[in-house]
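The structure appears right after this line, and notes come after that.
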Amino acid sequence: MEIKWESGDIKENRYEILLMGVFEKETSKVKSKILKSYGFSKYSEKLKFTYEVKQTAFINGEKDSPNLFLIGLGDKTKFNDEMMRIRFSHAISKIKKMRMSSILIIPPEKSDAQHEAYELAYMALMTDYDFNRFKSKKDDSIEKVGIFSATDVSESIRLGTIIGEASNLTKDLANLPSSIGTPTHFEKTARGFSGVDLKVFGREDFLKLGMGGIEAVSRAAREPAKMLVMEYKGSDQPPVLIVGKGITFDSGGISIKSSEGLEEMKFDKCGASAVLGSMYAISRAGLKVHVVGITPLTENLPGGNAYKPGDILTHYNGVTSEIISTDAEGRLVLADALSYGVKNYNPTAVIDLATLTGACVVALGNNIAGSMTNNLDLQQKILDASKKTWEKVWPLPLDDDFKEQIKSDVADIKNTGGRPGGAETAGAFLSNFVDTKPWVHLDIAGTAWTQGKTVRKGYISRGATGFGTRLLFEYLKSCEKGSGSVKK
Ligand code: BES
Ligand code: MN
Ligand code: ZN
């Protein structure tokens, strides 16, 4: 999809359809001029179109002029970015079903033109996304989107295009079945990021470096396991470290899962997918930040050589863990990735994303990710970013009680603390691997894909949602301005 800035005479353009949202009682000159030239005031009475939210109207263009798709945006004072994304996204989906492939969008003009152009650009890309590469019959996709504005918004569109493509890359990696979305596939994808330096560790390195967590989890894997270390040096400051869980398929291992819904465990690589999407976005956008992205990638399978409950592992930083369940594998691979990043890169902030616990889904549902931290200042920055992107995040506690709950009789810690506080004990486990660095752990088990039969919601597609990509990008953008740094 190509997205372009358009200005000038609106009737002179070469788009099949014009998409315009109008607020109740709106008097914008451009908009009323357009409506007038379509004779819409005439139709409007017949249709009883009052510009309330959810109203739509389609008008057939005469002769060479484009068609018009009108959406009611309701009360302007109640309108926000998320409503803009959802309302325009629904309209684009409908237009797509009408098999039109070029759309000119007239922004609502509630906030500034640059901001709206940015938001509309990535919304359009995310809306058009469809994981259809394995379908023999594919829907047509939208080829051209114009964003109409009197001011030059091409730079905002460029940025919006980057983040839209990055979110779609995240979704693609996450949607791929585990036999194709392998650790090797992630490596190949990361190799394509220009301006990003890539180091790749394999099983031999795990053994040599003493990464006992990913070594154990990957022991029975058939696909070669990899830990990717991606570095983007957009500034000379010490880096922000982002880490993503990349279990390409989670069978549970010897503590095997039941088979119902097991196909969804291909999504256990959503954290790593979001980290790759973010690395793509920041490098293409040329953000002036230093970022290290680490993704431990492996499948978690049973086998004669698999790791077992009762095993004791030694992680990269020397902390030992007793295995109670081989299904609590995410924290084990993250332990090595986090401590490796902390020790070798001395980051100013650490953020990890992981589809870590079913308990988090029970606590917060499918629209809110859980956040656990050792630094409220950093967490606030993430919450601020989340308010902008509507990738919702809610703080969960990391009390000492949870740290007590995972003490082991035979090792430093154990990898489960039983059912109570399952999301928090997982967070408490990870807290042993970030030293004293400001750190936020995001449990995205509920938000990373639309579980079960949930229908798509506007620009968020079914299957992988891309959760975390825009959030990380937004946070890293704030670091560029210097406001991302935190008090120790
Ligand atoms: N990948 C799962 C968590 C998960 C489950 C995410 C369902 C999304 C939906 C994780 O590896 C896991 O199996 N966690 C266990 C931990 C338990 C054994 C302590 C869980 O949540 O049941
Ligand atoms: Mn598991
Ligand atoms: Zn898992």
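Structure notes:
- Filtering segment 340-380 to residues that are away from ligand 3 (no atom under 12 Å from the Cβ), farther than 24 Å from Phe473 by Cβ and buried (at least 23 other Cβ atoms within 10 Å of the Cβ) leaves nothing.
- Within segment 140-160, the set of residues being of a type in the set (S, T, N, Q), surrounded by 22 or more Cβ atoms within 10 Å (Cβ to Cβ) and not in a loop (DSSP other than H, G, I, E, B) comprises just one member, Ser156.
- Complete set of residues in segment 328-375 that are among the acidic types (Asp, Glu) and either closer than 19 Å to Arg419 by Cα or in contact with a strand residue (DSSP E or B) (Cβ under 6 Å, 6 or more places away or on another chain) (or both): Glu329, Asp352
- Top-ranked residue of segment 235-272 - restricted to ones that are crowded, with 24+ Cβ neighbours inside 10 Å and away from ligand 3 (no atom under 14 Å from the Cβ), ranked as farthest from Gly482 (Cα to Cα): Val243
- Any hit, segment 292-307, residues being within 16 Å of ligand 1 (Cβ to nearest atom), in contact with a Phe, Trp or Tyr (Cβ under 6 Å, 6 or more places away or on another chain) and at pLDDT 95 or above: yes
- If the condition is being hydroxyl-bearing (Ser, Thr, Tyr) and part of a loop (DSSP other than H, G, I, E, B), then segment 211-263 contributes Ser218, Ser235, Ser251, Ser255, Ser258, Ser259.
- Odd one out for Lys144 among (1) touching a strand residue (DSSP E or B) at 6+ places or on another chain (Cβ under 7 Å); (2) assigned by TED's automatic domain parsing to the domain that holds Glu231; (3) charged (D, E, K, R): (2)
- Restricting segment 303-336 to residues that are of a type in the set (Gly, Ala, Ser) and more than 16 Å from ligand 2 (Cβ to nearest atom), the residue that is surrounded by the fewest Cβ atoms within 10 Å (Cβ to Cβ) is Gly304.
- Residues of segment 188-206 satisfying the condition of being surrounded by 19 or more Cβ atoms within 10 Å (Cβ to Cβ) and not aromatic (Phe, Trp, Tyr): Thr189, Ala190, Val196
- Leu383 being within 17 Å of Val240 (Cα to Cα), surrounded by 15 or more Cβ atoms within 10 Å (Cβ to Cβ) and within 16 Å of ligand 3 (Cβ to nearest atom): no
- Pick from segment 199-255, criterion hydroxyl-bearing (Ser, Thr, Tyr) and within 16 Å of ligand 2 (Cβ to nearest atom), ranking: nearest to Lys288 (Cα to Cα): Thr248
- If you go through segment 174-200 and pick out every residue that is touching a strand residue (DSSP E or B) at 6+ places or on another chain (Cβ under 8 Å) and not in a loop (DSSP other than H, G, I, E, B), you end up with 12.
- Helices (runs of 4 or more DSSP H) contained in segment 385-488 and holding at least 2 residues within 20 Å of Val361 (Cα to Cα): 422-430, 469-480
- Within segment 249-283, the set of residues being polar (S, T, N, Q) and touching a strand residue (DSSP E or B) at 6+ places or on another chain (Cβ under 9 Å) comprises Ser251, Ser273, Ser278, Ser283.
For every residue, the table says whether it meets (1) assigned by TED's automatic domain parsing to the domain that holds Asp9; (2) surrounded by fewer than 18 Cβ atoms within 10 Å (Cβ to Cβ); (3) in a helix (DSSP H, G or I); (4) among the acidic types (Asp, Glu).
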{"site": "Phe58", "(1), (2), (3), (4)": "yes, yes, no, no"}
{"site": "Glu62", "(1), (2), (3), (4)": "yes, yes, no, yes"}
{"site": "Thr77", "(1), (2), (3), (4)": "yes, yes, yes, no"}
{"site": "Arg85", "(1), (2), (3), (4)": "yes, no, yes, no"}
{"site": "Arg99", "(1), (2), (3), (4)": "yes, yes, no, no"}
{"site": "Lys110", "(1), (2), (3), (4)": "yes, yes, no, no"}
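The values are calculated or read from the model by the stated rules, or taken from the named source; none is laboratory data. Everything numeric in this text was worked out from a predicted model, so none of it was measured. Glycine gets a Cβ as well: all are built from the backbone with ideal geometry, and neighbour counts include every protein chain shown.
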